[in-house]
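Read the structure below first, then the notes.
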Amino acid sequence: MMKSFFASAAVALGVMLAPPVDAAPVLLDSFIHNYGSNPGLVNPGGSDVLGPNYVTVTDQSTTAVAQRDRFFDNFNLVSLIGDTIERFELILTFSLAGPSGNQAQCFFGLPVCEVWQVRINGSNDGLRTDDFFATLVSANSPETFALTILNDTGSRNAFAHSAATNDFSFWFSENSTRLDSFDLESARLNVFGTPAPIPVPAALPLMLLALGGLGLAARRRRAA
């Protein structure tokens with residue numbers, strides 16, 4: 001009986017102390033901002049017009065850092081400190097953002113179209129070259145945009161910056177010559193990765209060693 005107990009305890013300790021096995025990323029957490037002036041909804045940064053359950057994002061507002069009044073928002077990820085982040089998934093729910101067309105044709109005004117891009121901030125808030133851009137390709141939504149270390153290449157560092165600072169910041173840019181706007185209803189951020197390992201209580205290995213010592217002493221007494 002005693003031998004069986006110690007064998008089980010040793011197996012349990014081995015499992016707890018064994019290095020983690022590589023596994024597919026899991027959903028670490030999901031954050032959502034529903035925008036609007038109704039009670040309980042989020043009023044994002046910037047001074048774009050806030051509706052009852054949406055914010056109207058316009059390309060007429062200022063984007064310079066010192067006086068930015070265009071929509072911007074961020075997700076605070078401090079709850080994930082210690083976890084290993086491997087993928088961000090931004091899901092936007094919106095209307096009237098398009099339709100997106102051939103960018104060259106948009107600059108000539110034919111056909112009537114918009115070229116909206118979600119812009120995820122890199123480490124330098126005043127530069128474009130380190131940000132991650134993804135085009136909103138439909139007039140309506142939802143649309144999902146994934147950001148990982150694999151597609152955040154070149155001079156961009158939006159993935160690394162967001163993971164290192166535990167802050168995911170984004171806004172929008174529009175690249176046609178016309179004055180355009182769209183209604184953004186919500187943004188959901190799903191974060192995938194590997195959870196931080198659960199630490200083994202410091203006293204547990206010592207307790208198991210002590211029990212092992214007691215068992216050895218008991219066997220010696222029986223043998224005597």
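The values are calculated or read from the model by the stated rules, or taken from the named source; none is laboratory data. Nothing here was measured: the structure is a model prediction, and the numbers come from that model. Neighbour counts are summed over all protein chains in view; Cβ atoms, including those assigned to glycine, are modelled from backbone coordinates with ideal geometry.
Of everything in segment 28-56, what is farther than 20 Å from Asp167 by Cβ and among the aromatic types (Phe, Trp, Tyr)? Give them in sequence order.
Within segment 28-56, Tyr54 is the sole residue that qualifies.
Restricting the first residue to segment 132-155 and requiring it to be under 22 Å from Asp167 (Cβ atoms), which pairs with a second residue that is assigned to a loop (DSSP other than H, G, I, E, B) meet a Cβ separation below 8 Å and a spacing of at least six or different chains?
Phe132/Gly122; Phe132/Asn151; Phe132/Asp152; Phe132/Arg156; Ser155/Thr129; Ser155/Asp130
For segment 127-169, name all the residues that are more than 20 Å from Thr194 (Cα to Cα) and among the aliphatic types (A, V, I, L, M).
Leu127, Ala134, Leu136, Val137, Ala139, listed by residue number.
Conditions tested, residue by residue: (1) out of contact with any His (no Cβ under 8 Å at 6 or more places or on another chain); (2) modelled with pLDDT of 85 or more; (3) assigned to a strand (DSSP E or B).
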| position | (1), (2), (3) |
| --- | --- |
| Ala9 | yes, no, no |
| Ala12 | yes, no, no |
| Val15 | yes, no, no |
| Val21 | yes, no, no |
| Leu28 | yes, yes, yes |
| Gly40 | yes, yes, no |
| Thr63 | yes, no, no |
| Asp69 | yes, no, no |
| Asn74 | yes, yes, yes |
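If a residue has to be over 13 Å from Leu136 (Cα atoms), outside any strand (DSSP E or B) and touching a strand residue (DSSP E or B) at 6+ places or on another chain (Cβ under 8 Å) to count, how many in segment 162-190 make the cut?
The number of residues fulfilling the criteria is 5.
May I ask you to say which residue of Leu92, Leu147, Leu96, Leu136 is closer than 23 Å to Leu184 by Cβ, crowded, with 20+ Cβ neighbours inside 10 Å and modelled with pLDDT under 95? Write out each step before concluding.
Details: Leu92 fails: modelled with pLDDT under 95; Leu147 fails: modelled with pLDDT under 95; Leu96 fails: crowded, with 20+ Cβ neighbours inside 10 Å.
None of the others qualify; the one that does is Leu136.
When you check Phe170 against the structure, is it at pLDDT below 95, surrounded by 21 or more Cβ atoms within 10 Å (Cβ to Cβ) and out of contact with any helix residue (DSSP H, G or I) (no Cβ under 6 Å at 6 or more places or on another chain), yes or no?
no
Which residues, taken from segment 23-34, are closer than 14 Å to Leu90 by Cβ and surrounded by 14 or more Cβ atoms within 10 Å (Cβ to Cβ)?
Within segment 23-34, Asp29, Phe31, His33 meet the criteria.
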